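Working notes, structure below.
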Amino acid sequence: MSTRVTASTRISAACRELVNQRLNIALDSAIDFAQVNAVLDAGRIDLPSLQGLLANGEVSGILSTLAPAPFARACDILAGLENEAGNRSELLAARVQLADAMAAASSEIDGATRDVTADAFAEAGAELRYTVSLCRGPTATGVELRHANEVMLLRIHDGGSIECDHAGLVDETCGNRQRELEEAVARRGVVLTGRKQRHHGSYTGGELFSNAVSRGDPILARATVTDAGQAALSSRDHRLFSPASAAEASQRSRGMRRGGGS
């Protein structure tokens with residue numbers, strides 16, 4: 001019976017090195033970006049905390065490589081501060097720049113992790129004698145695997161989480177082929193975690209297929225990427241300002257009232 005699988009992925013040290021090579025960084029699994037974001041999101045921002053982030057050589061190295069402009073602006077602001085007294089607006093501006101740098105760097109790392117994951121699935125599919133089609137979008141990659149009447153459609157998101165749907169098979173062969181693919185991917189250093197499997201029993205595939213087919217694109221790998229982009233647009237928060245951009249706008253407004261430039 002045909003199946004739908006969703007999962008997160010965990011990459012091996014070898015795959016992490018591939019991410020490092022793609023981005024020209026030295027990303028270690030011990031680097032905790034969540035802790036950095038926790039400092040930046042804290043209600044009280046102080047000079048020692050921000051200076052401590054810059055003093056972390058591994059984090060600074062990654063930010064200077066992947067987000068050089070906002071990181072350099074944050075460094076320039078903090079370099080001119082000797083204490084916090086009377087410098088709250090500058091501290092806020094530095095926090096905004098560091099948050100922008102973290103967001104940009106995290107996006108680059110998640111995108112590279114997605115690429116490594118998609119490559120592993122494409123190579124595994126080829127090993128199992130599927131015809132492989134791959135399409136990379138802004139935040140998702142579609143992988144289409146075909147063999148005779150069987151089709152597997154995968155959508156891989158930034159960071160490596162996946163959706164996988166099967167069409168063309170209605171017996172236990174479907175589960176066997178899914179297992180073979182996952183084993184071939186694991187041999188390439190990508191292991192599925194938090195795996196959830198549902199039997200939809202449809203010869204024409206489940207929701208991933210139906211949404212892709214509705215796009216009218218004969219290349220399903222590309223159609224599922226288009227579908228992901230449209231879904232993201234429809235669910236996007238349409239607020240005028242995020243908390244960070246609102247703070248930046250407020251800081252800029254104060255600067256203009258003092259006679260500064262934009």
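The values are calculated or read from the model by the stated rules, or taken from the named source; none is laboratory data. This structure is a prediction, so every number in the text was calculated from the model and none was measured. FYI the Cβ positions are ideal-geometry reconstructions off the backbone, even for glycines, and counts take in every protein chain you see. Areas reflect the complete protein model, heavy atoms only, side chains present, ligands, DNA and RNA absent. Shrake-Rupley method; radii C 1.70, N 1.55, O 1.52, S 1.80 Å.
Flag set for residue 191, criterion: touching a Lys or Arg at 6+ places or on another chain (Cβ under 8 Å), surrounded by 16 or more Cβ atoms within 10 Å (Cβ to Cβ) and not in a helix (DSSP H, G or I). Take residue 160 and decide whether it is under 19 Å from the mean Cα position of the chain (by Cα) and assigned to a loop (DSSP other than H, G, I, E, B). Yes: the conditions hold for residue 160. Would you call residue 115 outside any strand (DSSP E or B), touching a residue at least 60 places away in the same chain (Cβ under 8 Å), out of contact with any Leu (no Cβ under 8 Å at 6 or more places or on another chain) and farther than 30 Å from residue 164 by Cα? When the stated conditions are applied, residue 115 does not pass them.
Annotation for segment 167-177: no member residue is at pLDDT below 95, part of a strand (DSSP E or B) and acidic (Asp, Glu). Scan segment 75-95 and tell me whether some residue there is of a type outside the set (Ser, Thr, Tyr), more than 17 Å from residue 42 (Cβ to Cβ) and open to solvent by less than 10 Å² (accessible area, probe 1.4 Å). So far as segment 75-95 goes, no, none of its residues is of a type outside the set (Ser, Thr, Tyr), more than 17 Å from residue 42 (Cβ to Cβ) and open to solvent by less than 10 Å² (accessible area, probe 1.4 Å).
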